[in-house]
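These notes are about the structure you will find just below.
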Amino acid sequence: MNLNVRFGLIFWAVQCAWILGEYALGWHTTDVDVTRGAQGFFFFPAAAVMAWGLIAHKRQNAALTYLNALKMGAVVGLVVGLLSVPFHWAYTTFLNPDYAANMNESMVATNTATLEEATQQFAMPGYAFGLLIFPIVAGIMTNAILGLFMKTSWR
């Protein structure tokens with residue numbers, strides 16, 4: 001299996017475990033305000049998986065170019081995005097059907113957004129598009145930074 005795809009699957013599994021952990025802690029049901037603040041902490045396991053992938057690439061190929069780091073970020077992000085859409089659909093349909101309503105309530109209660117803005121943010125077509133695009137952009141940006149420190153050459 002392609003190394004980039006393999007790390008996309010690993011990243012997706014870590015992301016799913018994180019989301020299910022938040023759910024198990026009640027952060028998607030009873031303590032919704034906590035999840036909105038704690039989601040930023042996912043950066044640490046995400047960056048660790050991406051760094052692990054770059055180290056594996058470097059070991060496998062005896063080198064890591066900056067362009068390969070960016071490519072890996074894009075491919076990992078694409079895999080994660082493609083798998084995140086059906087996962088979130090299943091999560092919000094079967095496991096936690098009140099997820100969007102709970103997040104909307106929390107955003108309105110904390111004056112983060114109006115009801116219309118919050119509802120639009122969690123509407124499934126737009127939400128699914130964000131689930132697909134954000135990981136690609138985040139993967140490229142994360143590896144753009146990590147690649148600066150881990151590269152052996154630029155091209």
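Where a number appears in this text, it was derived from the coordinates with a stated rule and is not lab data. Only a predicted model underlies this, so the values are computations on that prediction, with no experimental measurement involved. Cβ sites come from the backbone with ideal geometry, for glycine too, and all protein chains shown count toward neighbours.
What ³J(HN,Hα) values, in whole Hz, does the Karplus curve 6.51 cos²θ - 1.76 cosθ + 1.60 give for segment 138-152 when θ = phi - 60°, with x put for Gly and Pro?
Along segment 138-152, the couplings run 5, x, 5, 5, 4, 6, 5, 6, 4, x, 4, 8, 10, 5, 9 Hz.
Neighbour counts of other C-beta atoms within 10 Å: give me V76, V85 arranged from fewest to most. Each step should come with its number before you reach the end.
Working: V76 31, V85 16.
Taking fewest neighbouring Cβ atoms as first place, the list is V85, V76.
Going by how many other Cβ atoms sit within 10 Å of their own, how do S84, S153 line up, fewest first? Each step should come with its number before you reach the end.
Values: S84 22, S153 10.
Ordered from fewest to most neighbouring Cβ atoms within 10 Å, S84, S153 come out as S153, S84.
Kindly put E22, E105 in sequence by how many other C-beta atoms sit within 10 Å of each C-beta, fewest to most. Walk me through the numbers on the way to the answer.
Working: E22 20, E105 15.
Sorted ascending by nearby Cβ count, the order is E105, E22.
What is the distance in Å between the Cα centroid of segment 127-152 and that of segment 51-108?
9
Compute the Rg to Rh ratio over the chain from the alpha carbon atoms, using the Kirkwood formula for Rh, and round to two decimal places. Before the final figure, lay out each step's value.
Values: Rg = 17.2 Å, Rh = 16.6 Å.
Computed over Cα atoms, the ratio is 1.04.
Summing Lys, Arg as +1 and Asp, Glu as -1, what charge do residues with Cβ under 9 Å from the Cβ of H28 carry, H28 excluded? All intermediate terms of the calculation are to be shown ahead of the outcome.
Details: positive: none; negative: E22, D31, D98.
Surrounding charge for H28 is -3.
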